[in-house]
Each structure stands twice: as structure tokens, then as C-alpha cells.
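Enquirer: This structure is in C-alpha cells; I'll ask about it shortly.
The values are calculated or read from the model by the stated rules, or taken from the named source; none is laboratory data. Please read all numbers here as calculations on a predicted model, not as lab measurements. Cβ coordinates were reconstructed from backbone atoms using ideal geometry, including for glycine residues, and neighbour counts include every protein chain displayed. Each accessible area value is taken on the protein alone, full model and side chains, heavy atoms only, with ligands, DNA and RNA left out. Shrake-Rupley method; radii C 1.70, N 1.55, O 1.52, S 1.80 Å.
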Amino acid sequence: MTALSRPAVRTGSGLAALVRIIDGTVLLLAQAIGALVTVALFVAVMTSVIVRYATNASIGWVNELPDLLFPWLAMAGIVIAAQFGRHIVVEFGILLMPRAMGRIVLAMVQLLVAAIFVFLALEGRMVIEVTSAERFPVLGLPMSFAYLALVTGCVLIAITALTTALRIACHAGDPLKARDGIEPGGQHGEAAS
């Protein structure tokens with residue numbers, strides 16, 4: 001498995017397979033967006049450098065491209081980090097609880113996170129409506145495209161939070177490790193046996 005492969009859920013159930021498919025799709029989408037944006041920004045900046053060196057003139061659209069694409073890169077990174085459980089978690093209280101109670105609390109927190117990000121995505125639609133009339137001067141694209149990254153990221157994080165809650169419910173071991181990385185001898189999210 002590669003370093004960016006999917007964390008695993010206990011195999012054997014249809015729910016686990018569905019969670020793996022959903023997570024795999026979310027991760028692939030976030031990675032594709034991140035890669036495409038990185039390449040586009042690199043090519044644009046490199047083109048600008050070459051044109052400036054060769055002609056002593058600048059390309060106007062290159063200055064607008066980071067404003068348009070950087071939010072997509074940031075949200076892709078946030079979603080990828082969420083998929084691998086790399087965001088901050090306050091473990092202290094969970095570690096003091098019995099494992100079953102910790103599992104319930106962590107699952108409830110993930111459901112709350114999902115609800116908050118669904119709310120943010122719905123509110124973000126209003127920002128998109130307001131900014132859709134504004135255009136980037138050189139590119140002519142609506143500014144709402146940049147804000148669409150926020151809404152898309154919120155939806156993907158809400159989905160990730162829901163699948164994390166399911167992973168916590170299905171994970172037999174420590175609920176804090178439902179999205180852990182590669183452990184020695186095991187696959188993502190699975191302890192070595």
C-alpha cells in the first residue's frame with residue numbers, strides 16, 4: 001500500500017465496504033484536486049517567469065490564478081488530513097473514560113462535526129450567490145469559483161466525519177485509532193495481528 005492509501009475499516013461487513021468506497025472516493029477526489037491545482041499553479045508561475053525573462057512583460061492572469069486556485073489547494077489538504085485522522089484531537093478525556101463510552105463520545109463528536117460542516121456548506125451557498133456576479137478582471141471567471149472550494153471542502157469533511165463515526169462504531173480496538181496511519185505489519189487503520 002502507498003503512503004496515501006485508504007485507512008481500513010474492519011472487513012467482512014457490507015457497511016465496512018461502503019465506508020471504504022466512500023472514503024476512497026473522497027480521498028481520490030481531494031488528491032486529484034490538490035495535484036491538479038499544484039500543477040496548474042506551477043505551470044502558470046513558470047510560464048510567467050519565462051515570459052517575463054524573454055519579453056520583460058508580465059502575464060496578467062497569472063496574478064489572479066492563486067486567488068482562484070489556492071482555496072482549492074487548501075481545502076484539498078484539509079480533506080486529506082481529515083481522511084487520515086491527522087487533525088487535532090483532545091484525547092485526555094477520552095482516555096479517562098471506559099472504551100465503550102469513549103467510542104460513543106467520539107462517534108457523537110463526529111456526528112456533530114458532520115452537522116456543523118453541512119451547516120457551513122449550506123451557508124456557503126449564499127456566499128457563492130453573492131460573489132457569482134463579481135468577476136476576476138483578466139480571467140473573467142466568477143469569483144464564486146474560489147468560494148466554491150469552501151463549500152466543496154465542507155461537504156467532503158462532513159462526509160469524512162460521517163464515515164469516521166461509522167469507523168469508530170466498527171473499529172474493535174481503540175476508538176482513537178479508527179483512522180490511524182500505517183501500523184507496523186498492518187494496513188492503514190488495522191493493527192498487526
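Enquirer: Mind checking the dipole of the chain: about its Cα centre, +1 per Lys or Arg Cβ, -1 per Asp or Glu Cβ, Debye to the nearest 20?
Expert: 360
Enquirer: Give the label of the value calculated from the structure for Rg and Dmax of the Cα atoms in Å, choosing from [x] 29.7, 122; [y] 17.2, 60; [z] 20.3, 68.
Expert: Looking at Rg and Dmax of the Cα atoms in Å for this model, the match is [z].
Enquirer: Follow-up. Report relative contact order for segment 14-82 in percent, whole number only (criteria: Cα-Cα under 8 Å, sequence separation at least 6).
Expert: Details: 34 pairs, mean separation 30.8, N = 69.
Rounded, it is 45 percent for segment 14-82.
Enquirer: Probe radius 1.4 Å, ligands and nucleic acids left out: which of M75, M97, M108 has the largest accessible area, and how do the rest follow? Mind showing how you got there, number by number?
Expert: Values: M75 30, M97 60, M108 120 Å².
If we order M75, M97, M108 from most to least accessible, we get M108, M97, M75.
Enquirer: If I take every Cα pair under 8 Å that is 6 or more residues apart in the chain, average their sequence separation and divide by the length, what percent do I get for the relative contact order? Could the numbers behind the result be given before it?
Expert: On the way: 241 pairs, mean separation 57.3, N = 193.
About 30 percent, as a whole number.
Enquirer: What is the distance, in nm, between label points placed 7 Å from the Cα along the Cα-to-Cβ direction at E129 and at V90?
Expert: The answer from the label model is 3.5 nm.
Enquirer: Run the simple label-point estimate for I59 and F119 please: 7 Å along Cα→C-beta, distance reported in nm.
Expert: That separation, rounded to one decimal, is 4.3 nm.
Enquirer: As an exercise, identify the GluC sites (Glu not before Pro) in segment 110-150 lying in DSSP coil whose Cβ has no more than 14 other Cβ atoms within 10 Å.
Expert: E134
Enquirer: Roll a 1.4 Å probe over the protein chains and send me the accessible area per residue for the chain in Å².
Expert: 57
Enquirer: Hey, can you grab everything whose amide H is under 5 Å from the amide H of R135? Only 5+ residues off in sequence or another chain; H modelled, so Pro and N-termini drop out.
Expert: When sequence neighbours closer than 5 places are left aside, the close amide H contacts are M143.
Enquirer: Then there's this: Based on DSSP H runs of at least 4 residues, each adding -39500 (n - 2.57), what is the mean residue ellipticity at 222 nm of the chain after dividing by all its residues, to the nearest 500 deg cm²/dmol?
Expert: Value at 222 nm, helices only: -24000 deg cm²/dmol.
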